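> First, the structure itself, so that you have it in front of you.
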Amino acid sequence: MRYPTIKKDPDRLAIQPHLLQYEQCRASFGWDSVRAELAGLPGGNGLNLSHEAVDRHALGPLAQKVAIRWLGKGGELLDLTFADLRERSNRFANMLVSLGVTAGERVFCLSGRIPELYVAALGTVKNRSVFCPLFSAFGPEPICQRMARGDAQVLVTTERQYQKKIAALWERLPALRFVLLTDTPEHRDERVRSLSRLMTEASTDFTIPPTSPDDMAILHFTSGTTGMPKGAVHVHNAILTHYLTGKYVLDFHRDDIFWCTADPGWVTGTSYGIFAPLAHGITSIVDEADFDAERWYRILEEQKVTVWYTAPTAIRMLMRAPEEQRRRFDLSRLRLVHSVGEPLNPEAVIWGEKVLGLPIHDNWWQTETGGIMIANYVSQEIRPGSMGLPLPGIEAAIVRRMADDRVETIEEADVEGELALRPGWPSMFREYLHDEERYRKCFVDGWYITGDLARRDRDGYFWFVGRADDIIKTAGHMVGPFEVESALMEHPAVAEAGVIGKPEPVIGELVKAFVVLKQGLTPSDDLRLDLIGFGRARLGSAVAPKEISFVDNLPRTRSGKIMRRLLKARELGLPEGDTSTLEGSGAS
Ligand code: AMP
């Protein structure tokens, strides 16, 4: 069903949006104008993410403004002003210097949304080291894979995470020099140290060294379909995209209170949970706790949130909660709601209008793009179910692959193809760490191929169709089937495993594994439970399979690749499509 377009009358919006004339803005846009709105390091010493996000405000009239309001799980509240953030991130940077951690070296962080994570991010990039956040619900395997591939030199984490997941991994992480514990008052030994102790000893004065806009600043791991996770490298220049999208998409104004519900373990929680709002000098809410409908409505009311950036899974969970619950809260301060990460059902956009009094603005981007690329803008009409229009400065197209490594752009409306972007925007990933070939393969014939299938309507609105590969999106988190299959194969009873995303109405897809047992073993419920437990212990709750089916064999191509597409079609009772490459099929 197609839902009616939601018209907007900019004159009736409470605050005039920054982006009023979309077409005109696109036509005259240049990234130089964005750079001109930023400060740059004093003395023409380049561009540093932390200077733009914190120091330039801390050294001006916004010094005493709350930059981050942190809400603890247990009801604690901590306000960090721009001046506080500058002081703490200076200490963190000095501490890295004292540990001998230099430019380009990787500082990982494995924690929930605690204040130390935010300080670590800002302090690390001040030192021109590279910040790499890990999702706290990862198990030891995903953590080890990422830290090893990212050459982690330092890990900031909590005592609990350290004991449960890290202590046993040291041997597999030869580059790791220090683990800094956020909640331990005394150093444990030379390598395991107390972060608070080091921070107290560090000076509050720090001068950011000259930083090139092209210096590596952030490393974000994203899942691949065939191999282990890929480390997407982002540079300081990404702040231009963070800033521009904060202005044109999220429509930040100075008095806004912004809440991005994403965890910094995923790119949205870094680009928009840390850098974009700070770069605009506005106040951000950080909630340590996990989703809870009552708690979320209360935060929106009590914190007087004006701009809210969340995700489809959370919206669907709110849609399931009783409407009466929502009515108990006053959300009149809220003026904009945005969503990202997975397809946003058109019903959700309409629900927003009805229950929140505001439509939900969907937008599209991915780890590799570093910032929002396609969006529904405040001043533009919303087409429920559509991801919107490309950001000014971004050229997006639907392309079809041709022979000889060429692609052809599809100009006709409503024809499905691969979503592609013209490379060159400031927050574009610059490499997959240690994987030049995989990086090179993303670029074909002058386009960056995103891995998503989409179509564009007559008026240029983009509509998401699906992934072109087997990547799973569960509760908004990307999971690579290969990573899950590899972990399951380590179980002594497993001969082979094939993993798919099975559609699920609230979390989008759930991770489902098909397992072939070793000869002589018989499937049983006990074994299934054992495998589920094994998966959780290795991979963590965010990645582990929730369902397991035993099968006699897995469909494979003649070159030996698991045909996950076929597993999925069979699971869902859908047509099997082209099976000519299936091992044992008659076709040659
Ligand atoms: P990640 O790199 O983990 O941020 O995931 C990016 C992927 O999430 C995209 O390539 C899409 O497959 C999906 N995605 C992100 N935003 C949207 C959206 N608005 N609608 C549909 N899918 C989305």
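> Sum -39500 (n - 2.57) across every DSSP H segment of at least 4 residues in the chain, then divide by the residue count to get the 222 nm mean residue ellipticity, nearest 500.
Value at 222 nm, helices only: -7000 deg cm²/dmol.
> Can you tell me the convex hull volume per residue for the chain, based on C-alpha atoms, in Å³ to the nearest whole number?
166 Å³
> Can you pick out the pairs among LYS518/LYS568; LYS473/LYS561; LYS441/LYS546; LYS8/LYS304; LYS126/LYS247 whose Cα atoms lie more than 28 Å from each other? Don't skip to the answer; put the middle values down first.
Values: LYS518/LYS568 23 Å; LYS473/LYS561 21 Å; LYS441/LYS546 32 Å; LYS8/LYS304 24 Å; LYS126/LYS247 24 Å.
Exceeds cut-off: LYS441/LYS546.
> Something else about it: By a straight-distance test (C-alpha under 14 Å), which aspartates and glutamates pair with LYS165 as possible cross-link partners, with residues fewer than eight away in the same chain excluded?
Excluding near neighbours in sequence, the set is GLU141.
> Here's something else I'd like to know. Mind giving me the nanometre distance, one decimal, between the label points for SER28 and ASP9, set 7 Å out from Cα along Cα→Cβ?
2.7 nm
> Next up: Are there any trypsin sites (Lys or Arg not before Pro) in region 217-309 that are in a DSSP loop and have at most 10 other Cβ atoms within 10 Å? List them by number.
Filter output for region 217-309: ARG254.
> Hey, can you rank 169-179, 259-269 by average C-beta count inside 10 Å, highest first?
Ranked by mean Cβ neighbours within 10 Å, highest first: 259-269, 169-179.
> I'd like the distance separating the alpha-carbon centroids of region 431-501 and region 205-250, in whole Å.
20 Å
> Right, something else. Could you order peptides 443-454, 569-580 by the average number of other Cβ atoms within 10 Å of their residues, highest first?
Per-residue Cβ counts within 10 Å, averaged per peptide and sorted highest first, yield 443-454, 569-580.
> Ok, one more. Name the long-range amide H neighbours of ALA217: under 5 Å, sequence gap of 5 or more, or other chain; modelled H, no Pro or chain starts.
Under 5 Å from the amide H of ALA217: HIS234, VAL235, HIS236.
> Ranked highest first by the average count of other Cβ atoms within 10 Å around their residues, in what order do 343-350, 431-438 fall?
343-350, 431-438
> Tell me which residues come under 5 Å, amide H to amide H, from VAL179 once H is placed; ignore anything under 5 positions away on its chain.
LEU155, VAL192, ARG193
> Enumerate by residue number the GluC sites (Glu not before Pro) in region 22-107 meeting two conditions: DSSP loop (anything except H, G, I, E, B), and at most 13 other Cβ atoms within 10 Å of the site's Cβ.
GLU76
> What is the local net charge at VAL125, summed over the other residues whose Cβ is closer than 11 Å to its Cβ (Lys, Arg +1; Asp, Glu -1)?
0
> Cα to Cα, under 13 Å, and not fewer than 8 places away if on the same chain: which aspartates and glutamates meet these conditions relative to LYS7?
Counting by Cα, and skipping residues close in sequence, LYS7 has these aspartates and glutamates nearby: GLU353, GLU381.
> Just the number, please: carbon plus sulfur as a percent of the accessible area of region 472-572, 1.4 Å probe, no ligands or DNA/RNA counted.
53 percent
> Over region 472-572, what is the mean sequence separation of C-alpha contacts under 8 Å (at least six apart), divided by residue count, expressed as relative contact order in percent?
Relative contact order comes out at 27 percent.
The values are calculated or read from the model by the stated rules, or taken from the named source; none is laboratory data. Predicted, not measured: the structure shown is a model, and the values here were computed from it. Note that we place each Cβ from the backbone using ideal geometry, even for glycine, and neighbour counts take in every protein chain shown. Note: accessible area is taken over every heavy atom of the protein model, side chains too, but ligands, DNA and RNA are not part of it. Shrake-Rupley method; radii C 1.70, N 1.55, O 1.52, S 1.80 Å.
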